[in-house]
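Everything on this sheet refers to the single structure shown next.
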Amino acid sequence: MTHGHGVSTLKMGVPIPNAKLGMWLFLGTEIMFFTAFIGTYIVVRLGSPGWPTDTHVTHINILAGAINTFVLICSSVSVVLAHEAVHQGYFTKAKNLMILTLVLACVFLGIKSFEYYGKFQHDILPGHVPESNQQVLDKMVRELDVATGLTALRQRQVSVANELAKETNEERKPRLKAELDVVNTNVSGISKKLETPEFNDLRRKALAGTIKLDDAAKALEKLQHDHPEFKVVHEIHKPILYGNLFASTYFLMTGFHALHVIIGMGFFTHIIMLGNAGRLGFEHGTLVENYGLYWHFVDLVWIFLFPLIYII
Amino acid sequence: MSEQPHAEHAASGPHVNYLMIFGALCLLTIMSWVADEVGKQMGGTAHASADAHAPAVAHEPAAATGGFNWKILIGGIVLAIACTKATFVLLYFMHVKFEGKWIWAMLLPTLILALAIPAALTPDVALHYYTVETPQADEYANQQSRPEHHPDSPSNTAEGADGKVPQEKHPVTPEHPAKPAEGKHP
């Protein structure tokens, strides 16, 4: 049995370019990637009564988040207009819109950096947030010890002393002895200067948990006033329940989102370079559309991150 | 490279009023902000404690507003707004509205698979069959049991509940660095 002439060829697959199909498949994996994070965040929050929502505590800046939402919406419009311009043959306009999108992406990252700076300044970082009063005091003591420099010096003191005791080569012993003397002198000098009665009193009471946080804050302030070396010690904050989980999820979600923004900036730079070289043409319509699809997805993720992290 | 519109290509793309979509997205973002502000006024979100060193705990808003939980209402509203915004972006900016049905066959399975991790975590993390025994849960229960923080309340100071100064927990010398106080609730 044979087929007659005039039978149309069987058309397979979806009616779009392969590159666009590839981008949609990639975005499918991206949906799973971000939904896992966002979904887990929601589940963790539901299981954590007392989750920190006070913006004075978490140093979440709702206005910064809202401005960033507006910036991303603007960039989504500029990228879709760039795609339309390429389709219509206005390549210079398309390039300029891509430059605008790139600038908006930079603004987004600038605002995000400002927010991250606040988090680092207040030490709202995974594993750094005290969740009980004693943890607040212990953290202060740890930072006081580091600020004196004595922690590292005393470790070196023990290390050199052990080395000297084990050393069998008589020729090397004088060098080790000299080094030990220098370390001992440094320890003694710093100890006399910084380990004042006030320092030792605060340290002892904090470790024992026999001082109120208000009093510890005042004592620390006085120490910092008398010895600028202690200014590196973070200001005493109230303990934050689930503060570490909050910081972990915040940096995980916003960090991966920011990484996607940076990759998107690379895509826009590619189109701008094509435009500058005078090579941007109709054949790049699908490429611009794919970059646009990626960018809209980045916007889509932020649309959910904004209410979940900043508002609720 | 031509700067003139190309009739064949110009007719190929979908015609969408992008500025109208932009306006709708901006309006919805403003609505989210307004909802948050209303929520704050009605006690839907946590406020700063009067005492700077009281543990930071979000109090149950229901207790403060006569039984109505504004937090859940505001949360539902802003998430509904987010879903609406996402739908606008998906349908008009990503042109899903103008694609064939194949796109849903591709996207829906990923959405279903994406829910696997949250679904697997929910029974253990969010729905507790048994009593939760974590330092945070104990502290939260402690906070909720007191209507208002008092600067000298036990969990706000490092002193014992009876007001007596406890004995030192470990020797205090510069050689003994501070250790994390796991599970301690002064």
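The values are calculated or read from the model by the stated rules, or taken from the named source; none is laboratory data. Just so it is clear, the structure is predicted and the values come from calculations on it, not from any experiment. Neighbour counts are summed over all protein chains in view; Cβ atoms, including those assigned to glycine, are modelled from backbone coordinates with ideal geometry.
For this structure, a couple of remarks:
- Residue count for the stretch B:108-135, restricted to those that are over 30 Å from A:Met32 (Cβ atoms) and within 7 Å of chain A (Cβ to nearest Cβ): 1
- Qualifying residue in the stretch A:128-142 (condition: among the β-branched types (Val, Ile, Thr), in contact (Cβ under 8 Å) with a residue 24 or more places away in the chain and within 30 Å of A:Val187 (Cβ to Cβ)): yes
- Verdict on A:Ala161 being within 14 Å of chain B (Cβ to nearest Cβ), under 25 Å from A:His128 (Cβ atoms) and in a helix (DSSP H, G or I): no
- Here the stretch A:1-39 is the region considered, the condition is being modelled with pLDDT under 70 and among the hydroxyl-bearing types (Ser, Thr, Tyr), and the residue that is farthest from B:Leu115 (Cα to Cα) is A:Thr2.
- The condition of being exposed (fewer than 13 other Cβ atoms within 10 Å of the Cβ), modelled with pLDDT of 80 or more and not in a helix (DSSP H, G or I) does not hold for B:Leu108.
- Of residues in the stretch B:85-125 being within 24 Å of the chain's Cα centre (by Cα) and in contact (Cβ under 8 Å) with a residue 12 or more places away in the chain, the one nearest to A:Ile16 (Cα to Cα): B:Val89
- Just one residue in the set A:Val129, A:Val44 is within 12 Å of chain B (Cβ to nearest Cβ), touching a helix residue (DSSP H, G or I) at 6+ places or on another chain (Cβ under 9 Å) and not in a helix (DSSP H, G or I); that residue is A:Val129.
- Per-region count, the stretch A:257-271, residues hydrophobic (A, V, I, L, M, F, W, C) and surrounded by fewer than 15 Cβ atoms within 10 Å (Cβ to Cβ): 3
- Flag for A:Phe108 being surrounded by 23 or more Cβ atoms within 10 Å (Cβ to Cβ) and either without any contact (Cβ under 8 Å) to a residue 24 or more places away in the chain or within 18 Å of A:Tyr310 (Cβ to Cβ) (or both): yes
- Residue that is nearest to A:His87 (Cα to Cα) [pool: residues in the stretch B:8-22 that are modelled with pLDDT of 55 or more and in a helix (DSSP H, G or I)]: B:Tyr18
- Residue list for the stretch A:222-259, filter: within 13 Å of another protein chain (Cβ to nearest Cβ) and of a type in the set (Asp, Glu): A:Glu235
- Residues in the stretch A:63-98 that are more than 16 Å from A:Gly285 (Cα to Cα), in contact (Cβ under 8 Å) with a residue 60 or more places away in the chain and more than 7 Å from chain B (Cβ to nearest Cβ): A:Gly65, A:Asn68, A:Leu72, A:Ser75.
- Per the listing A:Leu280, A:Leu223, A:Leu259, the residue uniquely farther than 23 Å from A:Glu143 by Cα and in contact with a Phe, Trp or Tyr (Cβ under 6 Å, 6 or more places away or on another chain) is A:Leu280.
- Among the candidates A:Ile272, A:Ile211, the residue that is of a type in the set (Val, Ile, Thr), out of contact with any Pro (no Cβ under 6 Å at 6 or more places or on another chain) and either on the phi > 0 side of the Ramachandran plot or not assigned by TED's automatic domain parsing to the domain that holds A:Lys119 (or both) is uniquely A:Ile211.
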